[in-house]
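This report refers to the structure that appears directly beneath it.
Coordinate-derived values only; no laboratory data. Keep in mind it's a predicted model, so treat the numbers as computed, not measured. Cβ sites come from the backbone with ideal geometry, for glycine too, and all protein chains shown count toward neighbours.
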Amino acid sequence: MGRTVAQKIFDAHEVARPGAGVRIISLDRVFCHEITTPIAINDLVSIGRDRVFDPEKIKAVIDHVSPAKDSKTAEQGKTLRDWTRRHGIRDFFDVGANGVCHAIFPEKGFVRPGYTIIMGDSHTCTHGAFGAFAAGVGTTDLEVGILKGVCAMREPRTIKVVLNNSLRPGVYAKDAILWIIRELTVNGATDQVIEFAGQAVSELSMEGRMTICNMAVEAGATCGICYPDMVTVDYLWSFIKEEFPSKEAALAAYSGFLPDADASYTRILEIDASCIEPVATVKYKPDQVKPVRELEGTKVDQVYIGSCTNGRIEDLRVAARIVRGKKIAPGIRAILAPATPLVCRQALKEGLIADFMDAGFCVTNPTCGACLGMSNGVLASGEVCASTTNRNFNGRMGKGGMIHLMSPATAAATAIAGHITNSELFK
Amino acid sequence: MKNFNGKILFLDRSDINTDEIIPAKYLTESTKAALKPYCLEDLILEGFDPKRDLAGKSVVVTRANFGCGSSREHAPWALECNGIDLVIAENFARIFRQNMFNCGMLAISLDKEKIDALFREFSKEDASLEMDLDNKKFTVSGGGKKAVFDFEIGDFDLDLVKAGGWVSYADARF
């Protein structure tokens, strides 16, 4: 029987089989941020195991609350900062150099096809966009990852989602993944990997693929995976050109992690991508998705563009095109959080930041605290936010707040209109 | 090993997420005990009052996909520091389930018919559970009724519970 992508990656990283259906795999990367790592660090210290398996394979960033908002978050930052210094972890991105973990780590070239990656963050599945196996874990798994460089995972079962044909103009990766989650439901891919295939996926940039894989966990998936191709190689080329004589050689090497033709899937979901239209969530689960046209006129108090889902340069370009030369509606607060310093610099260079500021947006430093109600854009009770983030859970952006998840294009159009509306109206 | 016996809290809803179990604004706390007052404070469930309903409970019985969403281990910790070390559900979000076992807690999946039976027979009673981990079964009693349920648990998961969690298990082997 053929192997899926995740099975091939597990085969190449297997350390042990501690029981039926479980494998211990070695880790190529352990990513860390300041919310879930400090407790792991403190625990390792308290049990006399303040060590790291490999400081070169551990990457760390302060991203959720940056700069610190109070003494508790300052302590979290300090714990992470001191630990990276103590153990010679060179790739630590502190205030000023920091960005949203799932945007900055790929941008730095830390993710490669075939890698195994864990992080104490459920949206770690984002990195599967590069053909890697990347999974969110809790603090204890993170702790063992830091100490031993291994993690226990159940034998991967895989759902294949095939997006046939092309996305229509005005329809984006975010619409596609919300559409897919509605099909799968929030429990539809639990304990499974999703391979995203088909023409519409191969036509996406790495940014678009990261948006898709980012939300795989919202269907319960362990990881979302896209197949490495020339788009992947082009994105990585400046980091890998010393390793391969040519891009073709790199692609040939990475093709070892493509699924076999006779790989076994628990389900194959085929979707005609040309039928997907702009969508947004309603209520409190990410599978509660409706076409934007049915939500036309829904009032919002705040618009948020940013996060590990949609804070990358391509997202800012799309949104800036819509707000350029216009003003946000009276009574609306609009917030833009570029995901990394590089995204911010590039947006400045292209004049996008000016477009947003001229329109009335508040432009923040790269950080992601608004998404989970920790900082920089928290909602008051009863308020509604049109957001490019990934979770619309009750109270997620602030107690009593309500979130409609949508693409940057729809969010930008909503900021201008003052209510949810289709971005195509602003062309 | 932890003690898995005691009074049952029934939460009659699917897809109860980690933000409902413990909101993100409390993730800046540096001890488990600090989470205790906030457990389930944002749960959407009619008639549920966390302070009143959590008191004295040791077991949660709920529906499908419990613990979906965030990777935060604060979710099992918030339950643990309220005395709840066992959750029984149709199924669990992967990270939440692994976090439970990694902490030496128990996450038991039962098929829908058994979960339905638990709710039907015992959710209106002052029900309690007695665990027999060695024989992979538990007994629920309440309102003059008594029922025994078999369950399955993987060898590795059981080893984690007996070892007291993943850190001590892994440290001894890898």
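As a size descriptor, the averaged projected area of the C-alpha convex hull of the stretch B:35-90 was calculated at 3.9 nm².
Report the gain in length on full extension from residue A:260 to residue A:203: 0.36 nm times residue separation, minus Cα-Cα distance, nm rounded to one decimal.
Numbers: separation 57, 0.36 × 57 = 20.52 nm, distance 2.14 nm.
Contour length minus Cα-Cα distance gives 18.4 nm.
If packing is taken as the average count of other Cβ atoms within 10 Å, what order do A:129-139, A:248-258, B:34-44 fall into, highest mean first?
Numbers: A:129-139: 28.7, A:248-258: 16.5, B:34-44: 18.3.
Ranking the peptides A:129-139, A:248-258, B:34-44 by packing returns A:129-139, B:34-44, A:248-258.
Binning the alpha carbon pair distances of the stretch A:195-246 at 5 angstrom intervals from zero yields the distribution 4, 19, 27, 18, 15, 11, 4, 1, expressed in whole percent. Which residue, B:121, B:46, B:90, tops the fluctuation ranking in a GNM of chain B built on C-alpha contacts under 10 Å? For chain B, modelled as a Gaussian network with Cα springs under 10 Å, the answer is B:46.
Just tell me how shielded A:276-284 is by partners: mean number of partner chain Cβ atoms within 10 Å of each residue's Cβ, no decimals. It would help to have the intermediate numbers written out before the result.
Working: counts 0, 0, 0, 0, 0, 0, 0, 1, 5.
Per-residue shielding by partner chains comes out at 1.
When the Gaussian network model of chain A links Cα atoms closer than 10 Å, the mean-square fluctuations of A:238, A:375, A:307 top out at A:238.
Computed from backbone phi with θ = phi - 60° and the Karplus coefficients 6.51, -1.76 and 1.60, the 3J(HN,Hα) list for the stretch A:155-161 is 3, x, 9, 10, 9, 9, 10 Hz; x is used for glycine and proline. Among A:206, A:402, A:357, the largest mean-square fluctuation in a Gaussian network model of chain A (Cα springs under 10 Å) belongs to A:357.
Mind ranking B:124-130, A:36-42 by how tightly packed they are, going by the mean number of other C-beta atoms within 10 angstrom, highest first? Walk me through the numbers on the way to the answer.
On the way: B:124-130: 15.9, A:36-42: 23.9.
Descending packing order for the listed peptides: A:36-42, B:124-130.
If we count every other residue with Cβ under 13 angstrom of residue A:353's Cβ, Lys/Arg +1 and Asp/Glu -1, where does the sum land? Every neighbour counted, the sum reads +1. A cut-off under 10 angstrom between Cβ atoms defines the neighbours of residue A:331, and their net charge, with Lys, Arg +1 and Asp, Glu -1, is +1.
Given R₀ = 45 Å, FRET efficiency for residue A:166-residue B:146 by Cβ-Cβ distance, to 0.05?
Calculated transfer efficiency: 0.15.
At a Förster distance of 25 Å, what's the computed FRET efficiency of residue A:86 paired with residue A:243, Cβ-Cβ distance as r, to 0.05? With R0 = 25 Å, the Cβ-Cβ based efficiency is 0.25.
Residue by residue through B:12-23, how many Cβ atoms from other chains fall within 10 Å of the Cβ on average? The partial results should precede the final answer.
Details: counts 0, 0, 4, 8, 0, 8, 3, 9, 5, 0, 0, 9.
Counting Cβ atoms of other protein chains within 10 Å of each residue's Cβ and averaging gives 4.
Computed from phi, the 3J(HN,Hα) profile of the stretch A:368-373 under the Karplus parametrisation 6.51, -1.76, 1.60 (θ = phi - 60°) reads 10, x, 5, 3, 10, x Hz, with x in place of Gly and Pro. The modelled label-to-label distance between residue B:120 and residue B:173, using points 7 Å beyond Cα along the C-beta direction, is 4.0 nm.
Amide hydrogen proximity for residue A:93: with H placed 1.01 Å from N in the peptide plane, the residues at 5 or more positions away or on another chain lying under 5 Å are A:60, A:61, A:62. Of all DSSP bridge pairs formed entirely within the stretch A:5-271, close to 20 percent run antiparallel. With viscosity set to 0.692 mPa s and temperature to 37 °C, compute the Stokes-Einstein D of the stretch A:279-426, Rh being the Kirkwood radius across alpha carbon pairs; µm²/s, no decimals. Stokes-Einstein gives a translational diffusion coefficient of 225 µm²/s. Neighbouring Cβ atoms from other chains, within 10 Å of the Cβ of residues in B:152-165, number 3 on average.
For a modelled paramagnetic label at residue B:162, 7 Å from Cα along Cα-to-Cβ, no residue of the stretch A:135-153 is in reach, as no backbone nitrogen comes under 16 Å.
In chain A, helical runs assigned H by DSSP with n ≥ 4 each contribute -39500 (n - 2.57); averaged across all residues and rounded to the nearest 500, the mean residue ellipticity at 222 nm is -9500 deg cm²/dmol. Less than 5 angstrom separates the built amide H of residue A:404 from those of A:385, A:386, A:387, all sequence-distant by 5 or more or on a different chain.
Give the percent of DSSP beta bridges with both residues in the protein assembly as shown that are antiparallel, rounded to the nearest 5.
On the way: 25 of 82 bridges.
Bridges in the protein assembly as shown are about 30 percent antiparallel.
Extending 7 Å from the Cα toward the beta-carbon at both residue A:380 and residue B:113 defines two label points whose distance is 5.4 nm.
For the stretch A:19-30, the Karplus equation 6.51 cos²θ - 1.76 cosθ + 1.60, evaluated at θ = phi - 60°, returns couplings of x, 4, x, 10, 10, 8, 10, 7, 10, 7, 9, 10 Hz by residue, with Gly and Pro reported as x.
In the neighborhood of residue A:192, defined by Cβ-to-Cβ distances under 13 Å, what is the net charge if each Lys or Arg adds +1 and each Asp or Glu adds -1?
Charge balance near residue A:192 sits at +2.
Modelled spin labels at residue B:137 and residue B:12, positioned 7 Å past Cα toward Cβ, are 2.8 nm from each other. Using a Debye calculation, one point per C-alpha and no hydration shell, please list log10 I(q)/I(0) for the stretch A:341-383 at q = 0.21, 0.25, 0.30, 0.31 Å⁻¹ in order. The calculated log intensity ratios at q = 0.21, 0.25, 0.30, 0.31 Å⁻¹ are -0.78, -0.91, -1.01, -1.03.
For the listed peptides A:227-234, B:137-144, a ranking on the average number of other beta carbons within 10 Å per residue, highest first, reads A:227-234, B:137-144.
By the Stokes-Einstein formula, at 1.002 mPa s and 20 °C, chain A with its Kirkwood radius over alpha-carbon pairs has D equal to 99 µm²/s. For chain B, the Stokes-Einstein estimate of translational diffusion at 4 °C and a viscosity of 1.567 mPa s comes to 80 µm²/s, using the Kirkwood hydrodynamic radius over alpha-carbon pairs.
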